[in-house]
């Protein structure tokens, strides 16, 4: 494996392969067998897996007296706030919303000791898109588009955080998502 940079640190192949594996796990519904170990956080590893499965099956456990839409919005806001706190970014349902995609889950992982937030979305056909944010203290870099393992991806760094958008979507769509997110977060 080369010393290429992804999120401004060595190990690009491993990180992109991990993101691609997570995408595959989200599609197959077998995320618990493929996710790397997670760091302790507000949503926790097993909770994130349960939420992925509930979202895939269209089931939502709502608090008594609340509607599913209100419960879903509250859950999304809480997950994003917890992930944002760990990576040092203000994440809200409004600033991570992407056209034509539905939020699925946000959770914490770790990569080479750095906190790594993962936010998963799906399109109407069930194809996942993943936004990863790593708080690694890296230097700023402009948006870069490429393809790895057949998946289009976009990366950039700002304010000590690296960003990655990857998914089974046309390259132009991944670029559009990345540009929107780069402006908002």
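The values are calculated or read from the model by the stated rules, or taken from the named source; none is laboratory data. All of these numbers come straight from a predicted model, not from anything done at the bench. Cβ atoms come from the backbone with ideal geometry, glycine included; neighbour counts cover every protein chain shown.
If you go through the range 144-174 one residue at a time, how many are more than 20 Å from residue 88 (Cβ to Cβ) and either out of contact with any strand residue (DSSP E or B) (no Cβ under 9 Å at 6 or more places or on another chain) or not in a helix (DSSP H, G or I) (or both)? Spell out how you get there, then give the answer.
Filtering the range 144-174 for residues more than 20 Å from residue 88 (Cβ to Cβ) gives 144-154, 166-174.
With the extra rule that they be either out of contact with any strand residue (DSSP E or B) (no Cβ under 9 Å at 6 or more places or on another chain) or not in a helix (DSSP H, G or I) (or both), the set shrinks to 144-154, 166-170.
Of the residues in that region, 16 qualify.
Just to be sure before I move on: is residue 128 in contact with a helix residue (DSSP H, G or I) (Cβ under 6 Å, 6 or more places away or on another chain) and closer than 22 Å to residue 86 by Cβ in the structure I sent?
Taking the combined requirement at face value, the residue satisfies it.
Here is a list of conditions, (1) out of contact with any helix residue (DSSP H, G or I) (no Cβ under 9 Å at 6 or more places or on another chain); (2) at pLDDT below 95; (3) more than 19 Å from residue 118 (Cβ to Cβ), and residue 179 meets all of them except one; can you say which number that is?
So residue 179 meets the others, but not (2).
Considering only the range 175-185, how many residues are buried (at least 20 other Cβ atoms within 10 Å of the Cβ) and either without any contact (Cβ under 8 Å) to a residue 60 or more places away in the chain or not in a helix (DSSP H, G or I) (or both)?
Of the residues in the range 175-185, 1 are buried (at least 20 other Cβ atoms within 10 Å of the Cβ) and either without any contact (Cβ under 8 Å) to a residue 60 or more places away in the chain or not in a helix (DSSP H, G or I) (or both).
So if I check each of 159, 149, which one is farther than 17 Å from residue 184 by Cα and surrounded by fewer than 16 Cβ atoms within 10 Å (Cβ to Cβ)? Talk me through it step by step, then tell me what you get.
Values: 159 fails: farther than 17 Å from residue 184 by Cα.
Of 159, 149, the one residue that is farther than 17 Å from residue 184 by Cα and surrounded by fewer than 16 Cβ atoms within 10 Å (Cβ to Cβ) is 149.
Kindly indicate which of 39, 104 is at pLDDT below 95, under 19 Å from residue 180 (Cα atoms) and in contact with a strand residue (DSSP E or B) (Cβ under 7 Å, 6 or more places away or on another chain).
Details: 39 fails: under 19 Å from residue 180 (Cα atoms).
Checking each option against the conditions leaves just 104.
Tell me, yes or no, whether the range 136-146 has at least one residue that is closer than 17 Å to residue 175 by Cα and touching a helix residue (DSSP H, G or I) at 6+ places or on another chain (Cβ under 8 Å). Before you say what the answer is, go through the steps one by one.
Residues of the range 136-146 closer than 17 Å to residue 175 by Cα: 141-146.
Going one step further and asking which of them are touching a helix residue (DSSP H, G or I) at 6+ places or on another chain (Cβ under 8 Å), we end up with 143, 145.
Looking for residues that are closer than 17 Å to residue 175 by Cα and touching a helix residue (DSSP H, G or I) at 6+ places or on another chain (Cβ under 8 Å), one finds at least one in the range 136-146, hence yes.
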